[in-house]
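Colleague: Got a structure for you, questions after.
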Amino acid sequence: MSEVRIQAEPRTEFGKGGARRTRRAGKIPAVLYGHGTEPRHIALPAREFGHAIKSGANTLLTLQLDGTSELALPKAIQRHPIRGDYEHVDLLLVRSGEKVTVEVRVTLTGEADRDGLVDQQLMTLSVEAEATHIPDRFEVSIEGLAVGGHISAGEVPLPSGTTLVGDPEQVVVAVLAAPTAEQLDAELAGAEAEAGIERDEPTAPAAEAAPDTDAQPAAAPAE
């Protein structure tokens, strides 16, 4: 896992106004808590923090704060819904060798049966690992996985010292049969019906009138 050093500083202004001023100064309001200590309000440099978690949200941070070093993990990160700026961070104090529960992303490798559709049902796995040895990701091979096959959480290989938290029978990825054209059309029709959309029924082209065999030929013009 990645470990990054960041210079933090105590934060003395609180509330929405103080948070806005902190962000305008290029910093992120944050709270540091854990191990039974009182929560500490701090500010993190926004650019350095953004670079630090590019490799994943489970990046271990070494905070330089008040002349001391503290190990911490990001537990909750709030971002602006439009701009994407970091608005607030909750940090959990950890110690070397301490076990923590984290979410680790799942990455698929290989190619499954080409006649099927790959359905990844879990994007992360909840595991318990040492705070200083958190896996960056879990690679799950679907090479040759046939239609109808699946891989459950308990089948994902975990590194030594890491244990699964949760139901081992939960499906991580499955290969489904590809729908037929008729099934797709039926699903589309059902969705349109729920949305109140009426399909125009195709109309048959109008038949041409048959010639009238009883009709008299037109009289020739008089000379």
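The values are calculated or read from the model by the stated rules, or taken from the named source; none is laboratory data. As the structure is a computational prediction, the values presented were derived from the model and not from experiment. In this analysis, Cβ positions are derived from the backbone assuming ideal geometry, glycine residues included, and neighbour counts consider all displayed protein chains.
Colleague: From the residues in the stretch 6-22 that are modelled with pLDDT of 85 or more and of a type in the set (Val, Ile, Thr), which one is surrounded by the most Cβ atoms within 10 Å (Cβ to Cβ)?
Modeller: Thr22
Colleague: Could you grab the pairs with beta carbons closer than 6 Å, sequence gap of 6+ or different chains, first residue in the stretch 28-51 and aromatic (Phe, Trp, Tyr), second one surrounded by fewer than 21 Cβ atoms within 10 Å (Cβ to Cβ)?
Modeller: Short answer, once both residue conditions are applied: Tyr33/Pro39.
Colleague: Okay, next question. (1) part of a loop (DSSP other than H, G, I, E, B); (2) of a type outside the set (S, T, N, Q); (3) more than 20 Å from the chain's Cα centre (by Cα); (4) surrounded by 13 or more Cβ atoms within 10 Å (Cβ to Cβ): which one isn't true of Asp136, the others all being true?
Modeller: (3)
Colleague: Among the listed residues Thr107, Thr162, identify the single one that is at pLDDT 95 or above, of a type outside the set (Phe, Trp, Tyr), surrounded by fewer than 16 Cβ atoms within 10 Å (Cβ to Cβ) and closer than 30 Å to Leu91 by Cα.
Modeller: The unique qualifying residue is Thr107.
Colleague: A further question on this structure: Check Glu143 against each of (1) charged (D, E, K, R); (2) under 30 Å from Val4 (Cβ atoms); (3) assigned to a loop (DSSP other than H, G, I, E, B) and name the one condition it does not meet.
Modeller: Here Glu143 meets the rest and fails (2).
Colleague: Is the stretch 72-94 home to any residue that is surrounded by 13 or more Cβ atoms within 10 Å (Cβ to Cβ), over 26 Å from Thr162 (Cα atoms) and among the small types (Gly, Ala, Ser)?
Modeller: Checked against the condition, which is being surrounded by 13 or more Cβ atoms within 10 Å (Cβ to Cβ), over 26 Å from Thr162 (Cα atoms) and among the small types (Gly, Ala, Ser), the stretch 72-94 yields no hits at all.
Colleague: Might you check whether a residue that is out of contact with any helix residue (DSSP H, G or I) (no Cβ under 8 Å at 6 or more places or on another chain) and either among the polar types (S, T, N, Q) or within 18 Å of Ile28 (Cβ to Cβ) (or both) occurs anywhere in the stretch 96-105?
Modeller: yes
Colleague: Would you pick out the residues in the stretch 85-95 that are among the acidic types (Asp, Glu) and touching a helix residue (DSSP H, G or I) at 6+ places or on another chain (Cβ under 9 Å)?
Modeller: Within the stretch 85-95, Asp85, Glu87 meet the criteria.
Colleague: Out of Ala174, Ala186, Ala191, Ala195, I need the residue that is modelled with pLDDT of 80 or more and under 19 Å from Thr107 (Cα atoms). Which one?
Modeller: Details: Ala186 fails: under 19 Å from Thr107 (Cα atoms); Ala191 fails: under 19 Å from Thr107 (Cα atoms); Ala195 fails: under 19 Å from Thr107 (Cα atoms).
That would be Ala174, the only listed residue that is modelled with pLDDT of 80 or more and under 19 Å from Thr107 (Cα atoms).
Colleague: Being out of contact with any strand residue (DSSP E or B) (no Cβ under 9 Å at 6 or more places or on another chain) and assigned to a loop (DSSP other than H, G, I, E, B) is the filter; apply it to the stretch 67-103 and report the residue that is farthest from Leu125 (Cα to Cα).
Modeller: Gly67
Colleague: Something else now. Conditions first: (1) closer than 21 Å to Val4 by Cβ; (2) surrounded by 12 or more Cβ atoms within 10 Å (Cβ to Cβ). Gln120 passes all but one, so which condition is the exception?
Modeller: (1)
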